[in-house]
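This report refers to the structure that appears directly beneath it.
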Amino acid sequence: MSYHVNEKGYYGQFGGAFIPEMLYPNVEELRLNYLKVMAEPDFKKEFDQLLKDYVGRPTPLYFAKRLSAKYNTKIYLKREDLCHTGAHKINNTIGQILMAKRLKKTRIIAETGAGQHGVATATVCALAGLECIVYMGEIDIARQAPNVARMKMLGAEVRPALSGSRTLKDATNEAIRDWINNPVDTHYIIGSAVGPHPYPDMVARFQSVVSEETKWQLKKVEGRENPDYVVACVGGGSNAAGAYYHYLNETEVKLIAVEAAGKGIYTGESAATSVLGKEGVIHGSKTLLMQTNDGQITEPYSISAGLDYPGVGPMHAHLYETKRAEFISVTDDEAMTAGLELSQLEGIIPAIETSHALAIFEDKKFKPEDVVVISLSGRGDKDLNTYIDYFKL
Ligand SMILES: *Cc1c(COP(=O)(O)O)cnc(C)c1O
């Protein structure tokens, strides 16, 4: 069984590149070049240097002593919250901006929902001195004013998507339209392990530094590279892909993917794609996706903006289908409680996305000798208002 992409761009039955013909040259250029570019010693050197000096890698693997005592198991937190800009997303945008430069692109476009990927993209465009246009739904622009301000301060142009529900999927459509009209000079930075091949694989590779570091860090403290469990929340799937990557074929390492159940899986306000989704095509790849019987995409819901996505990346659909990963869904309430708990037991305020991964300990029991690594994908500064409203702080 392979858990990596094959030469045709598939993970089992999922993946591929379902794109309009007009986009074919852009995606094909990337497909033909991405592995070659990533293998160049100069590329590797620049990527590693920036991850170290700019992002602040390696991020610590922290033994959470009080959390471990509470749940009677050994819990390690992989501290992506300490990355520059506050989450793992920067690992991918650094990789893609270097890729864009190698492909002689001068203009960058991106889509964003809550604005986190927009900020990560605007950041690396400033770093590289490239023009940056971020498409964002008009509704999201109103809801996420601080991130809009950050993008502007970083020199990006934020263009509102005015069609449809004026949220993430409409922003994505606008970005694709832009790319079709600007095939020569523009690179489209996608923000998760989603999209047409080669994006899911490219993003997973840029994020794979997370499990690469985990291996040697765990070896130092536990005397073994492999934990018993790796746990990550899944929106599109990029932090999970990075945390799993070097463990995919090590089948004694159990993988846990945590999805947002929202107000409850069957309430109609959920983003638990593995339970509610069926095979379909979204953003250029065949994957599991929440849809009506006639194939219309269902609006997802989660209290966390980063998990509020109606699909999962094709790698994760395959991990679900093959049962390589166990999928658990966590409600808004469970996540918020777990976020408060980590804050008070360890002094770390997590992003609400991450709080979903932390919430599994209430129901799922581990052995005292189990080593459980959790991808602490981001910090909670951006979510302070949501925590304040929820807990009436
Ligand atoms: C965006 C985001 C996620 C969800 O995205 P993935 O691609 O599934 O990782 C999770 N955690 C944080 C902190 C995020 O910002």
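A few points about this structure:
- Q13 paired with L393, simple spin-label distance in nm, labels 7 Å along Cα-to-beta-carbon: 4.5 nm
- Bridge orientation summary for the chain: considering DSSP beta bridges with both residues in this region, about 30 percent are antiparallel.
- With the gyration tensor restricted to C-alpha atoms of the range 109-248, the semi-axes of the equivalent ellipsoid amount to 32, 15, 15 Å, longest first.
- Using the average count of surrounding beta-carbon atoms within 10 Å as a protection proxy, the listed peptides 325-334, 72-81, 200-209 rank, highest first, as 200-209, 72-81, 325-334.
- Note on the range 198-224 and the range 225-251: Cα centroid distance 8 Å, given to the nearest whole angstrom.
- Between helix 209-222 and the chain: long-axis angle, C-alpha atoms, 0 to 90°, nearest 10: 20 degrees
- Segments 367-376, 343-352, 211-220 sorted - mean Cβ within 10 Å per residue, highest first: 367-376, 343-352, 211-220
- Listed cross-link partners K8/K45; K89/K323; K44/K254; K278/K323; K219/K364; K169/K392 are compared with a 21 Å cut-off, the Cα-Cα value being larger for K8/K45; K89/K323; K44/K254; K219/K364; K169/K392.
- For A149 and I297, the difference between the fully extended length at 0.36 nm per residue and the C-alpha to C-alpha distance is 50.3 nm.
- Per-selection Rg to Rh, the chain - Cα, Kirkwood hydrodynamic radius: 0.94
- Computed E for E212/L384 - FRET, C-beta separation, R0 35 angstrom, nearest 0.05: 0.65
- Against the chain, whose longest principal axis comes from its Cα atoms, helix 168-181 is set at around 30 degrees.
- Considering only alpha-carbon pairs that sit under 8 angstrom and 6 or more positions apart, the relative contact order computed for the range 292-393 is 22 percent.
- Helix 41-50 and the long axis of the chain differ in direction by around 60°, with both axes built from C-alpha atoms.
- Centre-to-centre, using Cα atoms only, the range 280-337 and the range 95-113 are separated by 26 Å.
- In a fully extended conformation the segment linking K65 and K254 would gain 65.9 nm over its present Cα-Cα distance, using 0.36 nm per residue.
- Each Lys or Arg adds one and each Asp or Glu takes one away; over the other residues whose Cβ falls under 11 Å from the Cβ of L82, this sums to +2.
- What the Cα atoms of the range 37-97 give is an Rg and a Dmax of 15.1, 46 Å.
- The range 201-251, relative contact order [Cα under 8 Å, separation at least 6], %: 46 percent
- Cα centroid of the range 47-85 to Cα centroid of the range 124-194, whole Å: 29 Å
- Under the combined filter of DSSP loop state and at most 12 neighbouring Cβ atoms within 10 Å, the range 229-265 retains these GluC sites (Glu not before Pro): E252.
- Rounded FRET efficiency, nearest 0.05, which uses the C-beta distance separating Y24 from R224 and R0 of 41 Å: 0.35
- Residue pairs, from the table K70/K263; K215/K365; K36/K105, whose Cα atoms sit over 22 Å apart: K70/K263; K215/K365
- Mean separation of Cα contacts under 8 Å (6+ apart) over length of the chain, as relative contact order %: 20 percent
No lab work stands behind these numbers, since they all come straight from the coordinates. This one's a predicted model, so the numbers in the text were calculated from it and none came from an experiment. FYI the Cβ positions are ideal-geometry reconstructions off the backbone, even for glycines, and counts take in every protein chain you see.
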